Amino acid sequence: MNAPVAPAGDAWTTPLDQLDPSHPALFQTQTHWPYFERLRREAPVHHSTSSPFFGPYWSVVKYKDIMQVEVNHKVFSSDSSFGGISIRDRPKDLRLPMFIAMDPPQHDEQRKVVQPIVAPANLAKLEGIIRERVCRILDGLPRGEEFNWVEHVSIELTVQMLATLFDFPFEDRRKLSFWSDCATMPVEAGGYVTSEEKREEVFAELLAYFTGLWNQRVNAEPRPDLVSMLAHGEATRNMSPREFLGNLILLIVGGNDTTRNSISGGLLFLNQNPGEYAKLRANPALIESMVPEIIRYQTPLAHMRRTALTDFELGGQRIRAGDKVVMWYVSGNRDPEAIEEPERFIIDRKRPRQHLSFGFGIHRCVGNRLAELQLKILWEEILRRFERIEVVGEPRRVFSSFVNGIAELPVRIAA
Amino acid sequence: MPSVTYIEHNGTEYRIEVEDGLSVMRGAVDNGVPGIDGDCGGECACATCHVYVDEAWLAKTGTPSEQEASMLSFAATAQPNSRLSCQIAMTAELDGLVVRMPEAQH
């Protein structure tokens, strides 16, 4: 099965009330940009009723408006029972509770159970492990022949990290990326998950595997891995199986897709901007500001969604209680009123961390510093080894308006 | 102008004059004081301008709002005297304020 194609009609001439910036094919073909540019200019808080997949929804496309929604969790709920945090409403009985899709106080209680995994002291411990693995992966790369960077580096590095965080059997680590892909893949994408039933089958396998790990750890002394932390945490030890499953999916997707696609995107952007690549080679200290710029420019999650609990006026529009509100990070990160020359990839920006990719407010990405750390070490070790890694073909992108994903990036390293 | 003394986790001190009405976060970021990031630009939405307020100044800097308290509650390095420095606006009364930085912002 092939994925549906992008909607016909032009981003600039389609009547505003028929404009639908959410079609996954737009992101797959990278033709979404003019839709958001137009909305930022003409309708920064925009109501769409023409999505073939997602029903009616509001688009919030400017940085400042997105920030307003982010910090107002009393009006804009993340709760899974209303549809959670992505534009797609899963069938009611299949919606999964997970702490990203909860409001306070339950969100806060569960988040605090896993937060210590990325505390500064723990990150310092992980740094050595990450560097050793990065070196091993880079030293094993093919020379003088084309290979898929995503497969060899982006996926491999992130699943190894995730396996460590869960203390997950290392030889089975590729299950983690498979489950992650299955969790976010639209059923129309033409991939492995062709129906919600199929997805539930995969989830059942995931839950069975992790229940085995939980059972080992719940009877052992608490240890600093995510499964043990959940099994012993006061706010999580009595979770229902659906809640355990939901939180696992959150942690798996959160640790996979985002960093993976920033690893792929970063290499692509440097190839598209040879001047920046040269600047980086001349001054590796720029890695520090390049890493957040890569994360802004990639925006690995294109949006987050909320549901309004009460009527609210935003950008001159009346949002009604019950409405679906989509914060398009991918657009806010290109808003010229918030970011200077946002269309350009500039590795030495003054305030590179001022971007929306991690979200803001109480749901801000738990693993943001770990993600940055992985990218930083990767680029330090790349610069030590390779004069240049050349992208030799077009990237193949995924059919999704949630995960801004790159499935294939053909590259070559000189022999 | 009132001044603030910022003390890095490694003990390095910076005495900075901060204009009345500006936040303690802004005073650090605009003057290149390391150890305070302020990713969200002062919206109380990221907790990367976390500081420990010197005990002697706690009464004058006030108490965190509900939003600030919940952002702080996720920081592994939080202590009872923790504040987000974007939420402390400088006044003449705070002249001489001393804040210390945690080992990292996250």
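Return the Rg/Rh value of the stretch A:265-415, two decimal places, where both radii are evaluated on C-alpha atoms and Rh is the Kirkwood radius. Rounded to two decimals, Rg/Rh equals 1.03. Size check on the stretch A:110-227: the Cα extents along the three principal axes, sorted descending, read 47, 40, 24 Å.
Taken residue by residue and averaged, Cβ atoms of other chains lying within 10 Å of the Cβ of A:101-110 number 1.
In summary, the lysines within cross-link reach of A:Lys125, defined as a Cα separation below 21 angstrom excluding same-chain residues under 8 places away, comprise A:Lys112, A:Lys376. Just check the protein assembly as shown against the gyration tensor rule for me: Cα atoms, a ≥ b ≥ c as the square roots of the eigenvalues, rounded for a/c under 1.5, and otherwise prolate or oblate depending on whether a/b exceeds b/c. The shape class here is rounded. Counting Lys and Arg as +1 and Asp and Glu as -1 over every other residue whose Cβ lies under 12 Å from the Cβ of A:Pro56, the net charge comes to -2.
For chain A, the mean residue ellipticity at 222 nm estimated from helices alone is -13500 deg cm²/dmol, where every DSSP H run of n ≥ 4 contributes -39500 (n - 2.57) and the total is divided by all residues, rounded to the nearest 500. Taking every Cα-Cα distance in the stretch A:285-363 and sorting them into 10 Å bins from zero, the calculated P(r) comes out as 18, 41, 27, 12, 2 percent. Let's test the formula: R0 of 45 Å, r as the Cβ-Cβ distance of B:Leu58 and A:Arg223. What FRET efficiency results, to the nearest 0.05? Working from the Cβ atoms, E equals 0.80. Excluding same-chain residues fewer than 8 positions from A:Lys198, which lysines have a Cα within less than 17 Å of its Cα? Counting by Cα, and skipping residues close in sequence, A:Lys198 has these lysines nearby: A:Lys92, A:Lys175. Ranked by the mean number of other Cβ atoms within 10 Å per residue, highest first, peptides A:314-323, A:242-251 order as A:242-251, A:314-323. Simple spin-label estimate for A:Glu337 and A:Thr194 gives 4.7 nm between the two label positions (7 Å along the Cα-to-Cβ direction from each Cα).
Across peptide B:36-45, the average count of Cβ atoms from other chains found within 10 Å of a residue's Cβ is 5. Peptide A:362-371 has a mean of 3 when you count, residue by residue, the C-beta atoms of other protein chains within 10 Å of its C-beta. Seen from every direction in turn and averaged, the convex hull around the alpha carbons of the stretch B:16-106 projects onto 5.2 nm². Distance distribution P(r), the stretch A:27-77, all Cα-Cα pairs, bin width 10 angstrom from 0: 22, 46, 29, 2 percent.
Summary value for chain A: 26 percent relative contact order, contacts being C-alpha pairs under 8 angstrom separated by 6+ residues.
Maximal additional length on extending the A:Ala414-A:Arg318 stretch stands at 28.9 nm, based on 0.36 nm per residue less the C-alpha distance.
Readers should treat all values here as calculations from the given coordinates under stated rules, not as data from a laboratory. As the structure is a computational prediction, the values presented were derived from the model and not from experiment. Neighbour counts are summed over all protein chains in view; Cβ atoms, including those assigned to glycine, are modelled from backbone coordinates with ideal geometry.
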